[in-house]
Amino acid sequence: MSQLDHECKCHNLNEEEKYALLTRIINEYEKNESNLIQILHMAQTIFGFLPYETQKFIAEQMDLPVSKVSGVVTFYSFFSTEPKGQYTIKVCLGTACYVRGGKKILEKLKENLGIDVGETTKDLKFSLEVMRCLGACGLSPVISINGKIYKRVNANKIQQILKTY
Ligand code: FES
């Protein structure tokens, strides 16, 4: 079982330890190309994002061209090549949330944070993302911050919520 199957303490590791852990994971997955997405997920958990150097390292370890690894990273929206904020805010723009003010909430967040969707504040505190239906339509509109769900949010509540972080 990988160390990442338990709660990850990766942020406490230095760069060398992070790469050592990644090497162990790649070996656990037997450098198999069909496991590339899993390996990239774990690498993103360890490093917080997937910069070019990390992609290159994975490619070398797995005997793959870097272009193959980069192609997968850029294809899937859940991989990021930029550092993420400490808190990721996701605004639901599924149908129920959208018609009940999801768009207004998103605009308010953009205004308050001074960033667009897919961006991170300069102090690396918040990243802003949108998502499709979260399966909580009865509580719409909803947002989540690092997985914590805020229900029946409205634009006026945004500042109050942000202040708690
Ligand atoms: S549309 Fe937002 S939770 Fe379903």
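The values are calculated or read from the model by the stated rules, or taken from the named source; none is laboratory data. Since we're looking at a predicted model, the values are computed, not measured. All Cβ positions, even for glycine, are placed from backbone atoms using ideal geometry, and neighbour counts span all protein chains on display.
Take ARG132 and tell me if it is of a type in the set (D, E, K, R) and crowded, with 18+ Cβ neighbours inside 10 Å.
no
Name the residue, out of LEU22, LEU50, that is in contact with a Leu (Cβ under 9 Å, 6 or more places away or on another chain) and either surrounded by 18 or more Cβ atoms within 10 Å (Cβ to Cβ) or modelled with pLDDT under 95 (or both).
Exactly one of LEU22, LEU50 is in contact with a Leu (Cβ under 9 Å, 6 or more places away or on another chain) and either surrounded by 18 or more Cβ atoms within 10 Å (Cβ to Cβ) or modelled with pLDDT under 95 (or both), namely LEU50.
In the range 104-127, which residue that is modelled with pLDDT of 95 or more and among the aliphatic types (A, V, I, L, M) is farthest from ASN154 (Cα to Cα)?
Filtering first and then ranking leaves ILE115.
Can you find, within the range 146-165, the residue that is farthest from LYS108 (Cα to Cα) among those that are within 15 Å of the ligand (Cβ to nearest atom) and in contact (Cβ under 8 Å) with a residue 12 or more places away in the chain?
The qualifying residue farthest from LYS108 (Cα to Cα) is ILE149.
Given the conditions (1) in a helix (DSSP H, G or I); (2) more than 19 Å from the chain's Cα centre (by Cα); (3) within 16 Å of the ligand (Cβ to nearest atom), and given that ASN112 satisfies all but one, which numbered condition is not satisfied?
Every condition holds for ASN112 apart from (3).
Among the residues of the range 140-165, which ones are aliphatic (A, V, I, L, M) and more than 10 Å from ARG100 (Cα to Cα)?
Residues satisfying the conditions are ILE143, ILE145, ILE149, ALA155, ILE158, ILE161, LEU162.
What number of residues within the range 91-116 are of a type in the set (D, E, K, R) and either out of contact with any Leu (no Cβ under 9 Å at 6 or more places or on another chain) or not assigned by TED's automatic domain parsing to the domain that holds LYS157 (or both)?
5
What are the pairs with Cβ atoms under 8 angstrom where one residue, in the range 122-137, is more than 9 Å from GLY94 (Cα to Cα) and the other, located anywhere, is aromatic (Phe, Trp, Tyr)? Sequence gap at least six, or different chains.
Every condition considered, the pairs that remain are LYS125/TYR87; LYS125/TYR165; PHE126/TYR87; PHE126/TYR165; SER127/TYR87.
Hey, could you check the range 69-94 for residues that are modelled with pLDDT under 95 and assigned to a helix (DSSP H, G or I) and say which is farthest from the ligand (Cβ to nearest atom)?
Out of the qualifying residues, it is THR74.
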